[in-house]
Each structure stands twice: as structure tokens, then as C-alpha cells.
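K.L.:
For reference, the structure I am asking about is given below.
Derivation of every value follows stated rules applied to the coordinates shown; laboratory data play no part. Bear in mind the structure is a predicted one, so any value in this text is a computation, not a measurement. A quick note on method: Cβ atoms are made from the backbone with ideal geometry, for glycine too, and the neighbour counts reach across all protein chains shown.
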Amino acid sequence: MAPTNEQIAAPKKDTPTFSPNKVTVLFVLGGPGAGKGTQCANLVRDYNFTHLSAGDLLRAEQDRKDSEFGDLIKSYIKDGKIVPMEVTVQLLENAMKEVVEKDKDHKGKFLIDGFPRKMDQALKFEETVCPSKFVLFYDCPEEEMQKRLLKRGKTSGRSDDNAESIKKRFKTFVETSMPVVDFFQKQNRVIKIVATKTPDEVYKETKEKLEQRLGKEF
Ligand code: UDP
Ligand code: MG
């Protein structure tokens, strides 16, 4: 569902919509092409998480016929810029509500992939939607990410998987998104994973570090 203007202008809330005691939120961060989506799919398979990709939600909203944000989203994505946070936070909250309401027994375990990418989003989400347990951060050098993205661009059909957009996305990542990782790091809320190896090897490290932190049952 698209956020209405009223929702966007919603008054400041004192408490987040979801309690972190009931709902587990992990943020999944890393540069474009670091492998977030691939590793999230593995985690969904093995731990029954619900995977919400901010980029996927934005692309779906962009393509929704009656969306008032379609053109705005389109231009931000192509330019590798961060869509104004109100839109993305609302899309995520709506998606989480849908899952929790549909399945009352659902433990509420969410991987929020590719979000938050800017400090304002991070603060807003934790204040109004749900504080996250921690961040899974996939660390990968630009050179490797660029190689992967150009390869993906051959079949992804994504408007931003081309050399020009990739360059802009890297710039946004370094200037705007890394400060978010640093912010959580200072609170000891980052699990850093080397993302240059094969998907299987990266997943092995992911599992080990995740279970170290949360135990096998969570
Ligand atoms: N985006 C955004 N806000 C977010 C997440 C994504 O504006 O919180 C936009 C941004 O323009 C980004 C694009 O969506 O470059 C693609 O994001 P996605 O997560 O799909 O890319 P990935 O990092 O997985 O390659
Ligand atoms: Mg992705």
C-alpha cells in the first residue's frame, strides 16, 4: 500500500509500532553488489526470516499504477540517490504490518535488506517502527562490486546496473551509507562479514557469526 500524505505527515510517536521484545529486526547492509540479497535468501531458507528489500519495495511502488511517488522513485534510483525517507520507512512498516497481521503466530523475524542507507532513515525507523537487534554488514571492495553489478546488469533489467549509475551509487554508499554503519559500530551493533569469497563461504561466516550472537534458536 502506498503511504498517503496523511501517513507521511503522521504525528511523532512516542513508541515504535513493534516491540523489539516480540519482533526481531536485523538490518542488512553493504555496498551495491556486496551480496546482500543472496545471503538473505539463504537466511530465509534456514531461519524462517521474512526478507524485505527496501530497493525491491521501492521498485514495486514505482511500478504501481496509482502511486504518486512513481516518478520520484524512478529518478532517485537511476541517480543512485536515497529516496526521501518518509516513503521508504512507510513502505517497510506497511510490509511488516501485513506479515505480522496475516500470521499471528509468526515470530516476527525480519531481514531489512539495503536499509537504512542514511542516518535520518536509521533514526526514524528505530524510533517509529522497531529498533533493530544489529546490522549484518557485508564488506566488499568497490572493484569486486562493480564487476558483479556489470554482470548482473546484463540480465537484471535494472535501470541502475550500468556504469554511470554504479559510479553514483558507490559515491552515495561511501558518503551517506557508511556513516550509518559507523554509527551502529560505535554501539557495538555491527556484525562484519567478508563478502569477497564465494557465496557458500560468505554464508558460512554469516551463519557462524549470527549464531554466536543470537544462539541457534532465536
Ligand atoms: N533506495 C533508497 N532508499 C533505501 C534503499 C534503496 O532510496 O532505503 C534506492 C537507492 O536509489 C538505491 C536503489 O534504491 O540505489 C537500489 O537499491 P537496492 O537495495 O535494490 O540495490 P543493491 O544495494 O541491492 O544493489
Ligand atoms: Mg539488493
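K.L.:
Return the long-range amide H neighbours of VAL190 (sequence gap of 5 or more, or a different chain), with a cut-off of under 5 Å between placed amide H atoms.
P.N.:
Under 5 Å from the amide H of VAL190: VAL135.
K.L.:
Can you work out the PRE-style zone for PHE218? Point 7 Å along Cα to Cβ, and I want the residues of the range 23-44 with backbone N under 15 Å.
P.N.:
In the range 23-44, the label zone of PHE218 (backbone N under 15 Å from the point 7 Å along Cα→Cβ) covers 23-29, 40, 43-44.
K.L.:
A 28 angstrom limit on the alpha carbon distance is what I want to check against. Which of LYS74/LYS171; LYS74/LYS197; LYS22/LYS74; LYS102/LYS147 exceed it?
P.N.:
Over 28 Å Cα-Cα: LYS74/LYS197; LYS22/LYS74; LYS102/LYS147.
K.L.:
Across the chain, where is the longest run that never hits trypsin sites (Lys or Arg not before Pro) in a DSSP loop with at most 11 other C-beta atoms within 10 Å?
P.N.:
That would be 105-215.
K.L.:
Placing +1 on the Cβ of each Lys and Arg and -1 on the Cβ of each Asp and Glu in the range 140-202, which of CYS140, LEU150, VAL174 has its Cα farthest towards the positive end of the resulting dipole?
P.N.:
LEU150
K.L.:
What are the membrane-span-like helices in the chain by this rule: whole DSSP H runs, Cα extent along the axis at least 15 Å, mean Kyte-Doolittle hydropathy at least -1.0?
P.N.:
Helix filter hits for the chain: 36-47, 85-102.
K.L.:
I've got another one for you. If you place +1 on the Cβ of every Lys and Arg, -1 on the Cβ of every Asp and Glu, and leave all else neutral, what size is the dipole of the chain about its Cα centre, to the nearest 20 Debye?
P.N.:
440 debye
K.L.:
So which of LYS13/LYS216; LYS151/LYS207; LYS109/LYS186; LYS104/LYS154 end up more than 32 Å apart, counting from Cα to Cα?
P.N.:
Among LYS13/LYS216; LYS151/LYS207; LYS109/LYS186; LYS104/LYS154, the Cα-Cα distance tops 32 Å for LYS13/LYS216; LYS104/LYS154.
K.L.:
Under 1.5 on a/c is rounded, so check that first for the range 1-151, then, if it is not, pick prolate when a/b is larger than b/c and oblate when it is not; a ≥ b ≥ c are the square roots of the alpha carbon gyration tensor eigenvalues.
P.N.:
Oblate shape, in that a/c is at least 1.5 and b/c is the bigger or equal ratio.
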